[in-house]
Amino acid sequence: MEGLVKHDIENKHDEIGRTLKTILYKLETELGYQVSWKVLDSVYFGVPQSRKRVFIVGTKEDKVSLDNFEPKFSILNDVLEKGKKTMDTAFTRKLLSYFTIEELYGKSIKDKRGGDNNIHSWDIGLKGDCSEIQINLLNRLFKERRKKQWASEIGIDWMDGMPLTLSQIQSFFPADNLFEQVDVKTLLDDLVEKGYIKFEYPKKLVSEVTENGLITSRVYDETKPKGYNIVTGKLSFEINKILNPFEIAPTLVATDMVKIVVPDGKGVRKLTIREGLRLFGYPENYEIPVKESLAFDLLGNTVVVPVIRAISERILAALGIVKQELIEVENAGVVV
């Protein structure tokens, strides 16, 4: 994986960490290989998925170059099937009642992040309808609770998301004439009741020396005043991302492939196994003879076939095997 390059790094200015240095040393110095390595992104090899992985090639004679591969590009729409059955759940009906299919392209659904490409639970009234004023309040609180100034004022070590008191919230909301006459406490208490925010003590940082070393944790500090905080938790939404068919997919991993959906007609649906195979560059005749959940687990941990093929051709060329011989190998039933 790409993380191998910087693993156990000694100096932030170093190109690689000690782990990769050790691997290269073993291969080159102790075993006598001519070694090449490079981080390659599958998006340049004709599949619509950005998947960066480090590749290491060692030969006993001529070093194999991993530079200057001819780039090939595609978009997600090139691999999508059409007319498949779409999802029809309370969640998707709620989502589509607030947004058109086109408005959902490229959107993530989570309460832990902000930004224009993120939809929050309150944007679609998942826990109960929210007024425009309440949505504005939640969006402001979402951002403000991360600012370091509040940690100093509260008297705790900074953390990414702190409960703010009513008076602290009133210092930045409302911020314009549109919401001037709003009773902020009433809005907040209603949002607590619906479950979008919680009323809680701030958490202090506690350190404890154990047999395993120094361990730090966060515990509620009941000497401080309670405040309002966004409920993020481990919200288990049915969907966490809607892919844009006219762009590329992010790096797909086993843990989230089942919660990624694609648009199809006027609805959304999960990726099919065939689409998953295409996103990794497998040939159309390739099958994974296992149930869907296991198939996506396998795909989420696999490599991208066209990248491996391109590297293999470089290795074969270094060994003196020309492309015609490679074609003959494939015709014999062996896929490289």
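Bear in mind these aren't lab numbers, they're just calculated from the coordinates by the rules spelled out. This is a predicted model, so every value here is computed, not measured. Every residue, glycine among them, receives a Cβ derived from its backbone with ideal geometry; neighbour counts consider all protein chains shown.
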Please compute the modelled spin-label separation between R113 and F172, points set 7 Å along Cα→Cβ, answer in nm with one decimal. 2.1 nm
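So what's the net charge close to I260: Lys and Arg +1, Asp and Glu -1, counting the other residues with Cβ under 12 Å from its Cβ? Spell out each step's value before the answer.
Values: positive: K107, K241, K259, R269, K270; negative: E238, D256, E275.
That works out to +2.
Provide M257, M159 in ascending order of the number of other Cβ atoms located within 10 Å of each residue's Cβ, fewest first.
Numbers: M257 19, M159 16.
The fewest-first ordering by Cβ neighbours comes to M159, M257.
Just want the ordering: S121, S312, S207, S108, from fewest to most Cβ atoms lying within 10 Å of their own Cβ.
Working: S121 23, S312 14, S207 8, S108 18.
Ordered by Cβ neighbours within 10 Å, fewest first: S207, S312, S108, S121.
Could you compute the net charge surrounding K143? Neighbours are other residues with a C-beta less than 12 Å from the C-beta of K143; K and R count +1, D and E count -1.
Details: positive: R113, R140, R145, R146, K147; negative: E144, D160.
The answer is +3.
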Sorted peptide list for 219-229, 267-277, criterion being average Cβ within 10 angstrom, highest first: 267-277, 219-229
Taking the alpha-carbon centre of each part, the distance from segment 255-287 to segment 117-168 in Å is 35 Å
Report relative contact order for the chain in percent, whole number only (criteria: Cα-Cα under 8 Å, sequence separation at least 6). 18 percent
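Please give me the summed charge of the neighbours of K203: other residues whose Cβ is under 13 Å from its Cβ, Lys and Arg +1, Asp and Glu -1. Please report the intermediate quantities before stating the final value.
Numbers: positive: R145, K198, K204, R218, K224, K226; negative: D157, D160, E200, D221, E222.
Counting the neighbours of K203, the net charge comes to +1.
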Put a dot 7 Å past each Cα toward the Cβ at R309 and R18; how far apart are the dots in nm? 4.1 nm
Compare the peptides 165-174, 58-67 by average per-residue count of other Cβ atoms within 10 angstrom and give them in order, highest first. 165-174, 58-67
